[in-house]
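Here is the structure we will look at, set down as structure tokens.
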Amino acid sequence: MCVRAYNGDISTKALLGGNWELHGDYWRSLIRAAALEGEIYVVRNPKGQIVSIAVWFPPGNDLFNSEEQRALGFNDFFAKLSPETQEWWNTTCDEVMGELAKKVFTKEERESRWWCVNLATEPTYQGRGYATALIDTMFQKAKSTGTILGLATAPDYNVPKYLGMGFRERGNAPMPSPTGDFVVHMFSKP
């Protein structure tokens, strides 16, 4: 489902180094890492198929930040990337995302923030409010624990969607990439 939902996405293209054959490997490694140290919320259709997903990491943790997470498929995925793409991941991507997060979130906010690493809906099920319902579920949990939600997106068409879900854009930054430059937008709720 994530492969179909993110097909052609400019930021995913950068993460894959333009090699769409690695698309499934990347999403499997992300889901496995979250199953180990994050939280996964889904919406199923009447047949029981997952049609929408939200993947979160709790305050103090992040995607692929432990060897245990990386061993669940990320290391194999990363080894298949071109040297140029590996370098981009380790330098440009990390630097832009890290600096933007430091610029738009206080240290206290970063330490009390649930971070959404994946919010996707099967294309044929989009526009039915499933992603909003998943966000609302997590927001209730965050409110009850005194934490906030955060996420980032690259496609500009997602900005009004997140604003409509009650997020506010905290800032954005250009992301240079060998596969095409784009702008990263960071949001929080509340």
Quick one: what pairs do we get from the stretch 113-129, first residue modelled with pLDDT of 95 or more, second assigned to a strand (DSSP E or B) and open to solvent by 20 Å² or more (accessible area, probe 1.4 Å), C-beta under 7 Å, 6+ apart or different chains? ARG113/ILE148
Looking only at the stretch 98-111, decide whether some residue is modelled with pLDDT of 95 or more, closer than 22 Å to THR12 by Cβ, among the aromatic types (Phe, Trp, Tyr) and in contact with a strand residue (DSSP E or B) (Cβ under 8 Å, 6 or more places away or on another chain). no
Yes or no: GLU95 in contact with a helix residue (DSSP H, G or I) (Cβ under 8 Å, 6 or more places away or on another chain), in a helix (DSSP H, G or I), among the acidic types (Asp, Glu) and free of Cβ contacts under 8 Å to residues at least 40 places away in the same chain? no
Across the stretch 45-61, what is the total count of residues that are at negative phi and in contact with a helix residue (DSSP H, G or I) (Cβ under 9 Å, 6 or more places away or on another chain)? 11
The stretch 64-83 residues that are farther than 15 Å from GLY24 by Cα, paired with ones that are among the charged types (D, E, K, R) (beta carbon under 7 Å, 6 or more apart): PHE64/ARG70; SER66/GLU37; GLN69/GLU37
Is it the case that ARG70 is among the basic types (Lys, Arg) and either open to solvent by less than 70 Å² (accessible area, probe 1.4 Å) or in a strand (DSSP E or B) (or both)? yes
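Matching residues to (1) over 24 Å from SER112 (Cβ atoms); (2) crowded, with 18+ Cβ neighbours inside 10 Å; (3) touching a Leu at 6+ places or on another chain (Cβ under 7 Å):
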{"position": "SER52", "(1), (2), (3)": "yes, yes, yes"}
{"position": "PRO58", "(1), (2), (3)": "no, no, no"}
{"position": "ASN65", "(1), (2), (3)": "no, no, no"}
{"position": "ASN90", "(1), (2), (3)": "yes, no, no"}
If you check ASP62 against the conditions, is it farther than 18 Å from HIS23 by Cα and either among the hydrophobic types (A, V, I, L, M, F, W, C) or in contact with a Phe, Trp or Tyr (Cβ under 8 Å, 6 or more places away or on another chain) (or both)? yes
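The values are calculated or read from the model by the stated rules, or taken from the named source; none is laboratory data. Just so it is clear, the structure is predicted and the values come from calculations on it, not from any experiment. Because the Cβ atoms are built from the backbone with ideal geometry, glycine has one as well, and the counts that use them run over all protein chains shown. SASA here: full protein model, heavy atoms, side chains in, ligands and nucleic acids out. Shrake-Rupley method; radii C 1.70, N 1.55, O 1.52, S 1.80 Å.
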